[in-house]
Structures are given as C-alpha cells and as structure tokens.
Amino acid sequence: MRLRLCGVGFTWAVALCAAILAALTAVRGDIALGTLASPIDALRLDFGLSPLAVPFLALLALVSFAVGAWSLQRARPADIVLIGFFALAMLGVFVARSVAAFVLAWEAMSLVSAFLVAAHHERRDVRRATLTYLIFAQAGVVCIVAALFILAIAAGSTSFPVMTAHAGTLPVPLRSAAFALVLLGFGSKAGLVPLHVWLPRAHPVAPANASAMLSGVMLKVAIYGLCLVVLQLAAPAPLAWGVIVLVLGTVSAVVGVLYAVVDHNLKRLLAYHSVENIGIITIALGVALIALASGDAAVAGVALVAALFHTVNHGLFKALLFLGAGIVADTEGTVDLERLGGLWERLVWTAPFFLIGCVAIAGLPPFNGFASEWMTFQSLIAALAGTVPAVKLVLLAAVAGLALTGGLAAACFVKVFGVAFLGRSRRPESRALREPFDASNFALGLLAVLCTAFGVLPMLAVAPLARIAAAIVGVAPLGLPTLPVLPVTAAALPFAGALLCVALAARRGVRRVPTWTCGSPVTARAQYTATAFAKPLRTIFAFLLLPERRRALEAGISRWFPSRIRYRTESRYVVDEAARRFVAIILRWTRLARGLQSGSLRLYLTYAIATFILVVAVVH
Amino acid sequence: MLVFVQVLVIAALAPLLQGAMKQLRARLQGRPGPNPIQPYRDLAKLWSKEALLPDGTSIVTLCAPGLAFGVALTFAAVLPLTAQAVPVIDVVALAFLLALGRFALSLAALDTRNAFTGMAASREMTFATLVEPTLLLALLGGAILGHGTALESLLGVAFGPASMLAFAAFFLVMLLETARIPLDNQETHYELTMMHEGLTLEYSGWQLALVGLGSYVRQLSFFVLAAMLLLPGGGMLVWIAVIIGLAVAIALVETLFAKLRLFEVPQVLTTAFILAATSVALRIFGAAA
C-alpha cells in the first residue's frame, strides 16, 4: 500500500513538474534549463524548452495526473512506480535540447515502457509482445540516432537550437536522408502503418494504466520527435516530404480503424484506434508541411494547430477509454466484447464517462475529437488553394480517407458501447452490484470533463496552440475565429431534443414492456453480437482484412442436426501478412549470423579485441 | 429570425412531401394509395399515444429520438435558403452532425436487446461509412473552387459536367439516406430489406412521432440540397420545381426497380463515390487548365 502511494505521489510530482514547465514555456517562450558538459563535446547534455513542447508537456501532465488518481485504488504497486519513471523519462525527452540528451531520455522511455509491457511476464503472449516491442524500439532508435547525428555533424553542433539555425543551409539530399530515417524511427514508435505491427500486440497486454500512458502519451512523444525534426532540425521541408507524410497518415488512419472495427478485444481495439488517430495527426502534420513548402504559412499554422490539438485530444480520450477498459477488466474479468453486455446497469459511474470517450473518439460534436478533426478537414481544404493539381488530388484523397475513417470509427464505437455497455449482460453469473464512486471513477470523470471542455470551448486549447504554431511557422493561423462557437451550435438542437425526450418522459411517463422478439423468450443470446455487428464491414473490406472462417460441426443424430456448432472468424490483414513475409525473409538471413553467437566468453573477448584493433587501424 | 421561419416551413411541408410521394408511387403501381396528408394524421395520432420502451433500456434509448429530431432540425436550419443565421455549420460539420444522429439511434437499437434492431444498426453504420466520403466530395465543389466550406459555397458553383456528376453521386447517396428502393425500403422493417426502418422498430407513441417527423425533415432537407447541387444559381422557384422533379423521379425508381441484395448496395455506393471523385477531378483540372 505504501509503495503504491509512493508511486502515485511520484507520478503526480512528475505531472506537476510537466505542468509547471508547460506553463512557464507558454508564458516565457524558449527556456534554457542547463547543460551537463562532457569531455566529448558530442555527448554533452543540454536541457531546455521550446514552445513546440508545450502541448506535449501539458498532455503528459494531465494524463499522468489522471493515471495516478486511477491507480490509487486499483493498480499493482510496482506498476505505478514504473509509470512514474516512465513519465519522468518522457519529460526528459521533452526537455532534451541536444542529441545525446534526447537519445538518452528516449532510450530510458523505451526501456521503462518495455518493463511495463512485460508486467505480466508469466504469460507467453506477453513475453512475445515485449520482444516484438523491443525489436521495433531498438531498430527505431538506431534510425533516430543515425538521423540526428547526420544532421548534427552537418550543422557542426549537437545542440538543437544551433542545429535549427543551421538547418536551412544543409543540402537537400542530406536532409532527405535524415527525414527518411526519422520517418522509420519515429514512425515505428508512433505506430504508422506499416510499422504498427508491434503496437496492437504490446499495448493491450500492459496493465490498463500503463496502456493509457503508452497510447495516450508515448505515441505523442514520437509525434513530438517527428515535428522536431521536420519543422526545426531538418527544416525547411520540400513538398515531397509533406506528400509522403500525408499519404502515410491517410493509410494509417484507414487501416488502423479497419482493423479496429473487426477486432473484439476491447484493449486491442483501442490500440488499433491509436494507429488511426496517429494517422489523423500525421495527416494534419503533412498538410502543414505541404502548405509550408507552398509558401502558405497561414494555412500551415492552421494545420499545425489541428495536429497539436488532435494530439492532446487523442491523449485525453484514449487515456479515458483505456482506464475505463481497465475498470471493465477488473470487474468483469474479461475485455472480450462477446462476453460483455449490460455494463450500464452495474458500472453506473464508468459507463457515462466511457460514453463521452466513445463519442469523442468517434469525432462527433460537441466533444474534443470533433473539434480537432473538423480543424484537420479545414486545413486540408484550405491547403487546396495553394498547390499544384496533383497535390490537390492527394489532398482530396485524404479528405475522402478521413471521412471514411470517421464513419468507421463511429461504427466501431457503436459496436463497443452498444455491445459491452448497453443491452443485457451476456453472462448469467455476473454480479448485479453497482459500483461505488472511487478514485478511478474520479480519474475518468476528470478526463471526460476535459474532453467535453475542449469540445464545447475549443478556444481554451486552440488559442494557446495558435500562439505556439505562430512561433513555429512565423505567421498567425487564419480561419480560427469561427471555431469557438461551432461545436456548440452543431450540438445545441440535438441535445435540446434529447432533453425534450427526458422532459416528455417525466411528464407523460413511459411504459416498460418486454422486448418484442416475435413471441420467443427474451434472452441475452438473442442480442446482436460484436462479430455479427462487424460482419457487413468484414465482408465489404474482405480484400484488406482477409477474413477466415472456421466452422466445426459436432454431429448429433445426423449431419443436419448437429449437437454443437463451433464458429470462429479471424482476420489476417493484408498489411500484417506482408510484414510477416518480410520478417520471415529477414529471419532467414539473420540465421546466417547465428554462427557468430556461440555464447563462449573467449570468443566475445576475441571480437572485442578484433574490433579495437580494427578501429585503431582505421583511425591511424 | 428568418431561420426559424425556414425551419418551420420545412418541418411543416416535410410530411406532405412524404405523403405525396407515397400517393404518386401508389398511382404508378395502379393502386389508389393513401391521401397525401396521411403522414400528418399518423404523426398527430402517434403524438397523442403513450410511448413503450423495452425493459431495462437506458437513458440512451429514451433520448435518441429527440436527438435525431434535433439533428434533422439543425440540418433544415443550415440550408442556405434565407439569409444565414447559423453559418458556422459548414459542409464538414454537417456530415459529422448527421453522423451524430445515426450514432444515437444505432446505440439505442443495440440497447433494446432485439436482434432485428441490432442487425439494422449494423447495416446503418456500415453503409454510412461508405456514404460519408461521397457526401463530402460531392458537397466540396465550392470549396475546391476556393469559396470556402460554408454551405453557401455550393451556390457559387457554375452548372456544368462537374456539378452534374456531383449531383448524380449525391442522388445515389440520397436514395440510401432517405431509405428508398433499390437500396433500402421504407415499407418494411424485417430482416431481408430493412435498414432505417428496422433501427427504430422498438419505438412507439410520441417517440415514434419524433423519429418519423425527424426523418421527413431530413428527407426534405436532402431534396433541397440536391436541388442546390443540380442548379446552384436557380433560386427558390427553380429549386421547388427540381424538388418536385426529384419526387417524381424517386417514385419512378421505386416502381421500376426491385430492392437490391444487401451486398450489392456497396457497389452502388462505390459507383457514387467514383462519380463524386470524377467531379472533383474535373473541377481541379478544369480550374488548372
């Protein structure tokens, strides 16, 4: 108990630090925090803050605080202590201002998060997921280190401000090489398709509070890194970078949400939605780059605000949903949608908050997801004016892709909330207890209030973000004044209508009758299931999802009267299938390298000495 | 103020459009058909009756009809017919708004524990995902030409091949959104054909009246928008003529075509998407040339 309190206190302390730093930077602009000198100048550690880090720090503060509150009564003590260190490492990434400091903090973040993913290491699938995660994280960091040092060597300094100042003078091929490398490195961390493969494996097996931090904040650290490089360290970005980022974002958004819609494990489904939302953020970032390359700084500002706003919003509602899923897992013992049902009656506090999260992530008014997705659309359309026709087509393809994504996300969360929380419980043994209000509900409530506040009054977030974007692109973003009233107007009449129903029901009464089931008894089994709900989408998008159906009949008195039918569907997914083949090829080649690893200490010492001699020989 | 008049007029005329189309279709099929004012009678009767709800359903089910009704009224309010009072709801927000109504009704459908409504919710949400990209591309004609995303931007577009393609795409989408044969069927809510109607199977009394009036208002609003897409510079009288033309056309379509199999509906929607995308491409390269 004491360990848990220590962990929560530690996490809250980190959250407080992040909040203070965010506030200071928002007011004062660039802040230098100090330098740890090193005998090798390339390895010196600079710390400081730039406006770009502010939304990320604010998100870190909010989510860490909520996760801490959630963990007061629920978490395993060791997890929350680790989460404190995890938050600290992410804070380190945001305050790093030299290559060595950034890489150090980044590695700390990756390793601590790997421990969190491995929390239930007694399970085989958890160990596999951790291994996959570590492989992607380490391969990614190699790319990131290479890219940062390429830029640092060319600029002649490892300090970020100096590198930013010199970025414009570097040759384009060199910057493009760095761009390709960071796209691989940060893209794999953020879960951009096709580098997302680790994400839906690692996020769901972590404890719920860790998943909230991983999906809510850590993916955004990768977005921060990407922004840092493409907007500052390797700026200005040529048009092609913007188009590449935009296309990657669109593909990630569509593929992520398609995977989610046919998945029925609540936590894995949420992880796929992280791929989708990272895609949406990346779309906005791509628009910002395209507009900057076309010399349209005002539109770039709008797009950047949209990207940062959606970054914050996704962190909030995804943390809310993951923490809610944690409560579901605790009370029901499962997150399989096919076994859940009727939670609305028992989780009386969790359910309404979870509903707000669902509406927000589906991008519907008047919540925050709508505000930032609407801004993303606006930036896509505004960017049309300034570009060549070919890029216009790409932008409009992204509009269509984003619209498809929105529709699929709405379908998916109708499935999640309708199947798991509404209707009737699918398990007769589940207890009919109402949950009491506790700290974890408070955490959910806090996040739900923030989702609503940023939706109803988006200017709360947009005004400071616009100042940050202006500092980065150099021009104040246009077209923002219409935003503050928009979500309210869009939802005023619908919610008045909903209240009208409540009022009418109170005055005229509503009679309760059994559900009409054509005369057969009303049972939970008659309800539509998640698999059935997703069936039409699975059929329509079969060319991407590659669904497989396995059916086994246990013969009864004859083939036509089976005593039992087992039915299973699985999706293999085109992208994952391609990735699997690619990995198989790599594994075949790495088998050749296996001969080098004998496990013998003497052999390794020989390697070390040989490397040393080789280095000395090359240097002289 | 004008905007209230606009909403009231649309809400007052919407049931008439429904009744007239039903009467016309009946005549085309050689039946006498109901009186065109029958929808008003139905609504009045339903409004006076008590509402029944399935045991154990949540407040979501209670509120969904009102929410969907509010969405329909907002749709009617933002049409650029009169001087605009609510210009902040643009094309993009409109698409999200329609999705909100659908979201609420579909959640309610899953809440009722009825397999039919659940099935309808699944189909409704599935086809909505295919409709949304088409709807946006068809309505973004003005935005591509640089008039912004407000609904008035539609009125600044010239009549031409691109606008006709956008209209054709919108017409196909509208058939689904207003639950018309060959994509859906308003007359039944049972398994093989149902989508929209099945969704609200468990509603009754004043709640069903709200659902009904809401869908009539949505239908007329879609017709108005279609008229504006076809003849942007038309003006009120021309648009009314187009709306009457559309009503006749849809009655003919409903008489001449049979309901499509469910999994053939995506093909129609894909066709609509291709039409909308072609219109967009024409606009982009037309503007460039």
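Each reported figure results from applying straightforward, stated rules to the coordinates on display, with no laboratory input. Small disclaimer: the values here were computed from a predicted structure and weren't measured. Cβ atoms come from the backbone with ideal geometry, glycine included; neighbour counts cover every protein chain shown.
Candidates A:89, B:121, A:13 compared by Cα position along the dipole of the protein assembly as shown: farthest toward the positive end lies B:121, with charges placed on Cβ. Sorting the segments A:409-416, B:277-284, A:66-73 by their mean number of nearby beta carbons within 10 angstrom, highest to lowest, gives A:409-416, A:66-73, B:277-284. Ordering A:314, B:196 by the number of other Cβ atoms within 10 Å of each residue's own Cβ, fewest first, gives B:196, A:314.
Charging the Cβ of each Asp and Glu at -1 and of each Lys and Arg at +1, and nothing else, the dipole of the stretch B:2-288 about its Cα centre rounds to 560 debye. Summed over qualifying helices (DSSP H, 4 residues or more, each -39500 (n - 2.57)) and divided by its residue number, the protein assembly as shown shows a 222 nm mean residue ellipticity of -23000 deg cm²/dmol. Secondary structure note: in the protein assembly as shown, about 80% of the DSSP beta bridges are antiparallel. Look at the alpha carbon pairs under 8 Å that are at least 6 residues apart: their mean separation over the length of chain A gives a relative contact order of 13 percent. Shielding of peptide B:209-216 by partners, expressed as the average count of other chain Cβ atoms within 10 Å per residue Cβ, is 1.
Fewest first, what order do A:5, A:587, A:304 take by the number of other Cβ atoms within 10 Å? Could you put the intermediate results ahead of the total?
Details: A:5 13, A:587 9, A:304 30.
Starting with the residue having the fewest Cβ neighbours, the order is A:587, A:5, A:304.
Number of Lys-Lys pairs in the protein assembly as shown with C-alpha atoms under 19 Å apart and a separation of 8 or more places or on different chains: 11. Among B:284, B:146, A:178, pick out the residue whose Cα is farthest towards the positive end of the charge dipole of the protein assembly as shown, where Lys and Arg carry +1 and Asp and Glu carry -1 on C-beta, about the Cα centre. Going by the charge dipole, the pick is A:178.
Order B:119-126, A:112-119 from most to least packed using the mean count of other Cβ atoms within 10 Å. Don't skip to the answer; put the middle values down first.
Numbers: B:119-126: 26.4, A:112-119: 22.1.
Per-residue Cβ counts within 10 Å, averaged per peptide and sorted highest first, yield B:119-126, A:112-119.
Only the Cβ atoms of Lys and Arg (+1) and of Asp and Glu (-1) were treated as charged; on that basis the dipole of the protein assembly as shown about its Cα centre amounts to roughly 2040 debye. About its Cα centre, the dipole of the stretch A:523-608 is roughly 220 debye, where the only charges are +1 on Lys and Arg Cβ and -1 on Asp and Glu Cβ.
Take each residue in A:527-538, count the other chain C-beta atoms within 10 Å of its C-beta, and the mean is 5.
Give me A:518, A:358, A:6, A:501 sorted ascending by neighbouring Cβ count inside 10 Å, so fewest comes first. Before the final figure, lay out the partial values.
Values: A:518 9, A:358 28, A:6 14, A:501 24.
Arranged by neighbour count, lowest to highest, A:518, A:358, A:6, A:501 become A:518, A:6, A:501, A:358.
Shielding value for A:374-385 is 4, the average number of Cβ atoms from other chains within 10 Å of each residue's Cβ. Projecting the Cα positions of B:57, B:221, B:21 onto the charge dipole of chain B (unit charges on Cβ atoms of Lys, Arg, Asp and Glu, taken about the Cα centre) puts B:21 furthest along the positive direction.
May I ask for the net charge around residue A:523, where only other residues with Cβ less than 13 Å from the Cβ of residue A:523 are counted and Lys, Arg are +1 while Asp, Glu are -1? Display every interim value, and only then the final one.
Numbers: positive: A:424, A:426, A:427, A:525, B:113; negative: B:55.
Once all neighbours under 13 Å are counted, the net charge is +4.
When the square roots of the Cα gyration tensor eigenvalues are ordered a ≥ b ≥ c, the ratio a/c for the protein assembly as shown is 1.5 or more and a/b exceeds b/c, which makes its shape prolate. One way to sum up the overall shape of the stretch B:2-288 is the equivalent ellipsoid from its Cα gyration tensor, whose semi-axes run 30, 20, 20 Å, largest first. Each peptide in A:561-568, A:48-55, A:401-408 receives the mean, over its residues, of other Cβ atoms within 10 Å, and ordering these scores from highest gives A:401-408, A:48-55, A:561-568.
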